[in-house]
Each structure stands twice: as C-alpha cells, then as structure tokens.
Amino acid sequence: MTNDSLTVLDHGEPIAISFADILKYHGRSFIGGAAHGFKAMQRAFPLLCADGRPERYEVTIATAFPGPGGRDAIEMATRSVTGGRYTVDLDLGGADVVESPRGRYFFRFAYRGASVDVTLRPGVVRAEFIELSRRGPATPDEKERLEWLKQDMADRLMSLPAEEAYDAAPHAAS
C-alpha cells in the first residue's frame with residue numbers, strides 16, 4: 001500500500017482505490033475531509049485483517065466525524081452508507097480526541113468481530129481551519145483562505161503515512 005492507495009475486496013476480487021479515485025466520486029468541495037476518511041481507512045484496514053484488504057461489504061463504521069468528504073471516501077471504498085453500516089455519533093471518542101469543525105476526528109471500524117478506533121494525531125489540522133470553518137468565511141478573502149486551508153490539509157495528510165497521521169487502538173475479536 002502506498003500513501004495514495006488502499007485495497008478492498010469485492011466478493012474476493014481486489015479493488016485498488018487511489019485518493020484520485022475518491023476525488024472522482026466526491027469532488028473537491030470537502031477535499032480535506034476526503035483525505036481524513038481515506039487516511040483513517042489506510043490506518044484501520046491492516047489492523048482489521050491480516051492482508052489489510054477487508055471485504056468491503058463487511059466493514060462497519062461508527063464515527064464522530066460528520067463531514068461529507070470523509071463519508072464519501074468511506075462510502076466509495078466500503079459501500080457502508082448504502083449498506084446501512086455507517087453511523088455518525090458525535091458523542092464518540094471523548095474529550096481527548098482532536099475536534100473537527102462539527103465533531104471529532106474519531107472513526108471506529110469493525111470487521112469480522114475485530115474493531116479498531118482511529119483518532120487523528122494532534123497538530124495535523126491547523127487551528128485556523130477549525131476556527132474559520134466553524135464561523136464561516138465572512139469575506140471573499142476568507143473564503144479563498146478556507147479553500148486554501150482545505151487543500152493544504154489534504155496535501156499534508158496525503159504526504160504522510162497513515163501511521164503518522166492517525167493513532168489506532170485495536171480491540172480483540174469477540
């Protein structure tokens with residue numbers, strides 16, 4: 001797996017998904033959130049199954065990150081939104097998890113009895129992005145700045161190995 005790809009299985013057949021593929025599905029509106037969803041999957045999948053390639057229709061996600069970019073990235077890879085295996089719960093993660101503009105950067109992936117909690121490491125998201133996203137840009141310059149911050153966040157995330165962007169706490173299979 002490279003920094004810009006991951007693989008899932010669809011009825012045993014591998015499907016390689018690049019970040020560019022995610023953007024073809026999602027677009028660029030919430031590119032930072034799409035990068036978060038992508039990196040969270042890259043971090044979780046190797047901890048859920050030995051070869052890091054889960055069957056896409058068996059992955060379940062609970063997250064405190066309500067962003068459409070993250071949702072679309074995860075949906076494209078796992079089809080979990082369509083399959084009813086994706087939930088947003090803003091109470092997940094706890095106060096020690098890095099806050100996003102409207103939630104937290106917390107993802108719980110479950111697969112065949114195993115699960116892993118994936119949380120963003122501090123310092124990856126600029127405080128300016130959180131502040132400007134929460135209040136909304138008031139001027140054309142602020143709107144331009146917010147778009148730059150989204151792209152910058154995506155670029156920085158995609159340049160990092162998933163292990164440097166996200167911490168993971170696996171739970172044993174039950």
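The values are calculated or read from the model by the stated rules, or taken from the named source; none is laboratory data. On a predicted model such as this, the values are computed, not experimentally measured, just so you know. Methodologically, a virtual Cβ is constructed for each residue, glycine included, from the backbone with ideal geometry; neighbour enumeration extends over all protein chains shown. For the accessible areas, the whole protein counts, side chains as well, though only heavy atoms, and no ligand, DNA or RNA atoms are used. Shrake-Rupley method; radii C 1.70, N 1.55, O 1.52, S 1.80 Å.
Side notes on the structure shown:
- Amide H contacts of Tyr166 (H built 1.01 Å from N, under 5 Å, at least 5 apart or other chain): Arg121
- Pairs of Cα atoms nearer than 8 Å and 6+ residues apart set the relative contact order; for the chain it is 25 percent.
- A simple spin-label model places the labels of Lys24 and Ser5 1.3 nm from each other, with each point 7 Å out along Cα-to-Cβ.
- Set against the 2.2 N^0.38 Å expectation for a compact globular protein, the chain has a Cα radius of gyration ratio of 0.98.
- Dipole magnitude for the range 17-119: about 240 debye, using +1 per Lys or Arg Cβ and -1 per Asp or Glu Cβ, origin at the Cα centre.
- Rounded percent of accessible protein surface that carbon and sulfur make up, the range 22-99, 1.4 Å probe: 51
- Per-residue 3J(HN,Hα) values for the range 23-33, derived from phi via the Karplus relation 6.51 cos²θ - 1.76 cosθ + 1.60 with θ = phi - 60°, read 5, 5, 7, 7, x, 10, 4, 10, 4, x, x Hz in sequence order (x marks Gly and Pro).
- Heavy-atom accessible surface of the range 90-174, averaged per residue, reaches 54 Å², computed with a 1.4 Å probe.
- Computed packing ranks the peptides 48-56, 104-112 as 104-112, 48-56, most packed first, by mean other Cβ atoms within 10 Å.
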